[in-house]
Amino acid sequence: MTHFDELARQTIELPSWAFGNSGTRFKVFAQQGVPRNPYEKIADAAQVHRYTGVAPRVSLHIPWDLVDDYDDLAAHAAGLGVSIGAINSNVFQDDDYMLGSLTHPSADVRKKAVAHHLQCIDVMRATGSTDLKLWLPDGLNYPGQDSIRARQDRLADSLQEIYAALDPQHRLILEYKFFEPAFYSMDIPDWGTALLHCLALGDRAMVVLDTGHHAPGTNIEFIVAQLLRAGRLGAFDFNSRFYADDDLMVGAADPFQLFRIMHEIVQSGALAPTSGVNFMLDQCHNIEPKIPGQIRSVMNVQEATAKALLVDADALVEAQTAGDVLGAHGVVMDAYNTDVRPLLAQLRESQGLDPDPIAAYKASGYAEKIVAERVGGAQAGWGA
Ligand code: LRH
Ligand code: MN
Ligand code: MN
């Protein structure tokens, strides 16, 4: 398979929440024409696929994307040439979860949180989604607030109940985050904890690596390599961080890190759709227009992938085996320093797409159309 073919079959999943209004705790800057409901979010995501050709799935977040009829929502997506990807549960916006959800000291609250996940599994059945994605806000702010160990035991039991409810084609994908909203101790702070829970659950439990969820200086590509070795890298939530969980566009803060991550992926043969790694975005576009922001992000992932594919694997192994430190480093840097934009333009043209997706989107008039049509749009995204 040529590099061209590998790039052509790569897919990137888009988050429905990227299309709604978002902001910081200081201010949400409302943009005109934003989606008023999940149907419109999917329509906007379909635009990204239309101009990039590599973004055919949309993740939903429940209850942000609550609708009466999920069969109908899936049919709407199919009509626009996309499908429903991961279903994200949400246990971080309900007062009952102040002290935790799946780890809460009260059995009643844990039961409620498990029931929410069963509801998400029903959404998966209706939409054809195969990934149930869990991220928990659970954790402690103060030493002594609760037993760290008891919370792990409760978490294991709750996850077991959810995992048991999955259909055979479903996966449970478990995300970690080192801090926030809890500041002393998150219940799933790191990949090791996520992995231990996944190993206890079974083969269809995999780890989600959100690139924004690590301490500064963390070697993320090491984690990628380790999870791939264990066969447990289920998905990425791609975004950029400068300081914490910034959710900025992937490849904006550190395109070299993104390249290094994709280099591990390519070296392990994990780019193939059959490898089971779901390449998702998890971003917000607080001040930039959302659809072009997503197009730019998809292109950034494609560029990092194309560069990773350019690494001369034979030359690299030769240099590594010979102990040629600078030679090996040079092979990797040569690939990184190659301008792959002409190659990707060529790829798009070969697929009948415009070589410049952002220009093509701008020329389409879609942005003006949604501003005119979606009058009185409510915030649909974070918190709605
Ligand atoms: C948590 C997180 C998680 C949520 C998303 C909205 O910080 O990364 O993936 O579902 O943000
Ligand atoms: Mn995430
Ligand atoms: Mn996050």
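The values are calculated or read from the model by the stated rules, or taken from the named source; none is laboratory data. Being a predicted model, the structure only gives us computed values, none of them experimental. A quick note on method: Cβ atoms are made from the backbone with ideal geometry, for glycine too, and the neighbour counts reach across all protein chains shown.
Does Y366 count as under 27 Å from the mean Cα position of the chain (by Cα), more than 28 Å from D5 (Cα to Cα), modelled with pLDDT of 95 or more and among the aromatic types (F, W, Y)?
Yes, satisfied.
Go through D247, D237 for me and flag whichever is within 25 Å of I87 (Cβ to Cβ), among the charged types (D, E, K, R), touching a strand residue (DSSP E or B) at 6+ places or on another chain (Cβ under 6 Å) and within 16 Å of ligand 3 (Cβ to nearest atom).
Criteria check complete, one pass: D237.
Please go through the range 227-246 and pick out each residue that is outside any loop (DSSP other than H, G, I, E, B) and buried (at least 21 other Cβ atoms within 10 Å of the Cβ).
Within the range 227-246, L227, L233, G234, A235, F236, D237, F238, S240 qualify.
Please tell me if R260 is crowded, with 17+ Cβ neighbours inside 10 Å, away from ligand 1 (no atom under 16 Å from the Cβ) and within 25 Å of R151 (Cα to Cα).
So R260 fails the test.
Name the residues in the range 183-209 that are assigned to a strand (DSSP E or B), closer than 23 Å to L166 by Cα and in contact (Cβ under 8 Å) with a residue 40 or more places away in the chain, would you?
Correct list: A205, M206, V208.
Any residue that is assigned to a loop (DSSP other than H, G, I, E, B), under 17 Å from the mean Cα position of the chain (by Cα) and within 16 Å of ligand 3 (Cβ to nearest atom) - is there at least one of those in the range 260-282?
yes
Given the criteria surrounded by fewer than 19 Cβ atoms within 10 Å (Cβ to Cβ), touching a strand residue (DSSP E or B) at 6+ places or on another chain (Cβ under 7 Å) and at positive phi, does G81 qualify?
Against the criterion (surrounded by fewer than 19 Cβ atoms within 10 Å (Cβ to Cβ), touching a strand residue (DSSP E or B) at 6+ places or on another chain (Cβ under 7 Å) and at positive phi), G81 does not qualify.
Report, by residue number, each residue of the range 91-107 that is more than 11 Å from R154 (Cα to Cα) and surrounded by fewer than 21 Cβ atoms within 10 Å (Cβ to Cβ).
Listed by number, the residues that qualify are F92, Q93, D94, D95, D96, M98, L99.
Give the residue, chosen from F238, F279, F222, that is over 23 Å from T130 (Cβ atoms) and at pLDDT 95 or above.
After ruling out the rest, the residue left standing is F222.
It is to be established whether one or more residues within the range 160-171 are farther than 30 Å from P56 by Cα and not β-branched (V, I, T).
Scanning the range 160-171, I find at least one residue that is farther than 30 Å from P56 by Cα and not β-branched (V, I, T), so the answer is yes.
Per-residue answers, yes or no, for (1) surrounded by fewer than 17 Cβ atoms within 10 Å (Cβ to Cβ); (2) more than 16 Å from ligand 3 (Cβ to nearest atom); (3) closer than 27 Å to A253 by Cβ:
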position: A164; (1), (2), (3): yes, yes, no
position: I173; (1), (2), (3): no, no, yes
position: Y176; (1), (2), (3): no, no, yes
position: A182; (1), (2), (3): no, no, yes
position: I188; (1), (2), (3): no, no, yes
position: H197; (1), (2), (3): no, yes, no
position: L201; (1), (2), (3): no, yes, no
position: V207; (1), (2), (3): no, no, yes
position: P216; (1), (2), (3): yes, no, yes
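Go through (1) away from ligand 1 (no atom under 14 Å from the Cβ); (2) over 23 Å from K112 (Cα atoms); (3) surrounded by fewer than 19 Cβ atoms within 10 Å (Cβ to Cβ) one by one and return the number of the condition A150 breaks.
A150 satisfies every listed condition except (2).
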